[in-house]
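One structure is given below, encoded as C-alpha cells.
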Amino acid sequence: MSAPVAVIVGPPGAGKTTVGQLVAEALGVPFRDVDSDIEAVAGKPIPEIFFDDGEDHFRALERAAVADALADFDGVLALGGGAVLAPENREALGGHRVVFLSVELADAIHRVGLGAGRPLLAINPRATMRYLLDQRRPLYEEVATVTVKTDGRGTEDVAVDVLDALRR
C-alpha cells in the first residue's frame, strides 16, 4: 500500500491542478486529479454528472474516487473543491500530508470567471463563491497539515512554497 506524497485541497480557483502538476514535476512523481478520475468512471464531464444525475450521485462517485486514490497513489493528488464536505473524506485524509491552497473571494472569482463549466456557480456566482469559501474554509483548515496563501501570486511561486513546506 502506498500513499500520496501530498494531497492538495482548496476551493475552486485556488490552483490545485496547476500547482499540483508543478509540484509533482519538481518532485519527479506523477500527478492525479480526482475530478479526472470521476469523469473517467462516469464517462462524462462533471457538469453533466451534476445536471444528469444530481449532486448526491456526484458526491458518491467523489467519495469512491478519493478513497481509491488515497489507498493506491504515490504522487501528488488534487481533490475537488467540495471533497472535504464528506466526513469520510476528511477522516481518510488523516495521516496524509495535506496542503490547503487558500484563496480569498476576489482572486477566486477572477480565476474561475463567473461559473463557466462549474455547476455550483451557475446561479449568482459571486454570492455562491462567497458561501462556498465561508462554508468550506474550516473544513480545509481541519484537514490541512500546511496552508499556502495563493492570493495575488503566480502558480510558480505558490508551487515553490508548497515544495518548501513538504521538505520541512
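Out of the stretch 85-107, which residues are open to solvent by less than 10 Å² (accessible area, probe 1.4 Å) and closer than 19 Å to residue 23 by Cβ?
Residues of the stretch 85-107 open to solvent by less than 10 Å² (accessible area, probe 1.4 Å): 89, 93, 98-103.
If the condition is that a residue be open to solvent by less than 10 Å² (accessible area, probe 1.4 Å) and closer than 19 Å to residue 23 by Cβ, then 93, 98, 99, 100, 101, 102, 103 are the ones that fit.
May I ask you to list pairs of residues, at least six apart or on different chains, whose Cβ atoms are under 6 Å apart, with the first in the stretch 2-20 being under 16 Å from residue 154 (Cβ atoms) and the second being modelled with pLDDT under 85 and open to solvent by less than 10 Å² (accessible area, probe 1.4 Å)?
If the second residue must be modelled with pLDDT under 85 and open to solvent by less than 10 Å² (accessible area, probe 1.4 Å), the pairs left are 13/103; 13/108; 14/103.
Which of the following residues is on the phi > 0 side of the Ramachandran plot and modelled with pLDDT of 95 or more: 54, 43? Don't jump to the end; show me each part of the working.
Details: 54 fails: modelled with pLDDT of 95 or more.
Being on the phi > 0 side of the Ramachandran plot and modelled with pLDDT of 95 or more holds for just one of 54, 43, which is 43.
Only residues that are open to solvent by 40 Å² or more (accessible area, probe 1.4 Å), closer than 22 Å to residue 5 by Cβ, out of contact with any Leu (no Cβ under 6 Å at 6 or more places or on another chain) and outside any helix (DSSP H, G or I): list them for the stretch 30-80, please.
30, 31, 74, listed by residue number.
I need every pair where a residue in the stretch 155-168 that is farther than 16 Å from residue 102 by Cβ has its Cβ under 7 Å from the Cβ of a residue that is open to solvent by 50 Å² or more (accessible area, probe 1.4 Å) and not basic (Lys, Arg), sequence separation at least 6 or different chains.
156/22; 163/26
Please verify whether the stretch 69-86 includes one or more residues that are free of Cβ contacts under 8 Å to residues at least 40 places away in the same chain and farther than 25 Å from residue 134 by Cβ. Walk me through how you get there before you give the answer.
Narrowing the stretch 69-86 to residues free of Cβ contacts under 8 Å to residues at least 40 places away in the same chain: 86.
Still in the running and farther than 25 Å from residue 134 by Cβ: none.
For the stretch 69-86, residues free of Cβ contacts under 8 Å to residues at least 40 places away in the same chain and farther than 25 Å from residue 134 by Cβ: absent.
What number of residues within the stretch 35-75 satisfy the criterion of being touching a strand residue (DSSP E or B) at 6+ places or on another chain (Cβ under 9 Å) and under 16 Å from residue 96 (Cα atoms)?
5
Only one of (1) modelled with pLDDT of 95 or more; (2) open to solvent by less than 50 Å² (accessible area, probe 1.4 Å) is not met by residue 113, so which one is it?
(1)
The values are calculated or read from the model by the stated rules, or taken from the named source; none is laboratory data. Keep in mind that what you see is a predicted model, and the values were worked out from it rather than measured. Heads up, the Cβs are rebuilt from the backbone with ideal geometry, glycines too, and the neighbour counts pull from every protein chain shown. Surface accessibility is based on the protein's heavy atoms, side chains included, excluding ligands, DNA and RNA. Shrake-Rupley method; radii C 1.70, N 1.55, O 1.52, S 1.80 Å.
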